[in-house]
Amino acid sequence: MKFAVLVFPGSNCDIDMYHAIKDELGEEVEYVWHTETSLEGFDGALVPGGFSYGDYLRCGAMANQSNIMTALKEFAAQGKPVLGVCNGFQILTEAGLLPGALLRNKNLKFMCRTVQLKVENNNTLFTNEYEANEVINIPIAHGEGNYYCDEETLAKLKANNQIAFTYSNDNPNGSLADIAGIVNEQGNVLGMMPHPERAANEIVGGADGLKLFKSIVKQWGEQHVNK
């Protein structure tokens, strides 16, 4: 399986994402600069964290105007897996690939620590390697991670089982319904504020995030390699 790691001016988690895929997962991966116009040849797309374009205007708003985003939207429409982490989650909401928005943290401070997440739905492309209701430890590092949507959207997220992860015992940013990560209705786009790529090896404090990437490869393999 071959992954694309999108890189914008101000991205700073692209190397972590690349390392998780190449060195921990053992899959193919390439950086794709924001000026590119195609994702042809790739099987999965990763939108990393950071401060794209300095977070000017709104987090992710300017990145959404980049050339590569047209290709990413087409890529997602084809049903291929797209993962957006932290700033990547913000970019996906700005692009309309996921509902809702990410607001300033409730304490108005940047927060950087490991939190516990609960796997709310382990029947997604991104969570099939986890147990139902499994509690995992994943780092956060954000100032605008407070997920918000209107009541109608929240009801749809719950009805469609689109809430993939919630904060288990401590909601660090004030996110509505303790939401830490959601998928789109089709199930091939995941946005989450915590950083699974920073929890891909025990040497850095834990490997709970590696199962997320293994989940993607497992399902892709079942759909393509094992046919």
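What follows draws every value from the coordinates through simple rules; no lab data is involved. None of these values were measured; they are calculated from a predicted model. All Cβ positions, glycine included, derive from the backbone under ideal geometry; neighbour counts span all protein chains shown.
Averaged across orientations, what area in nm² does the convex hull of the alpha carbons in segment 98-215 project?
Averaged projected area of segment 98-215's Cα convex hull equals 6.5 nm².
Which loop GluC sites (Glu not before Pro) in segment 102-134, with loop taken from DSSP, have no more than 13 other Cβ atoms within 10 angstrom of their Cβ?
Glu131
Antiparallel DSSP bridges in the chain: what percent, to the nearest 5?
So the antiparallel bridges amount to about 60 percent of the total.
What is the diffusion coefficient of segment 1-102 in µm²/s, taking the Kirkwood radius over Cα pairs and the Stokes-Einstein relation at 37 °C with a viscosity of 0.692 mPa s?
Answer from the Stokes-Einstein relation: 248 µm²/s.
Which whole-number percentage describes the relative contact order of the chain, with Cα contacts under 8 Å and a sequence gap of 6 or more?
20 percent
Would you mind calculating the relative contact order of segment 1-109 from Cα pairs under 8 angstrom and at least 6 residues apart, reporting the percent as a whole number?
27 percent
Where does the chain land at 222 nm, in deg cm²/dmol rounded to the nearest 500, when only DSSP H runs of n ≥ 4 count, each adding -39500 (n - 2.57), divided by all residues?
That comes out to -6000 deg cm²/dmol.
Taking a quarter of the surface of the convex hull around the Cα atoms of the chain, what do you get in nm²?
Orientation-averaged projected area of the Cα hull: 11.2 nm².
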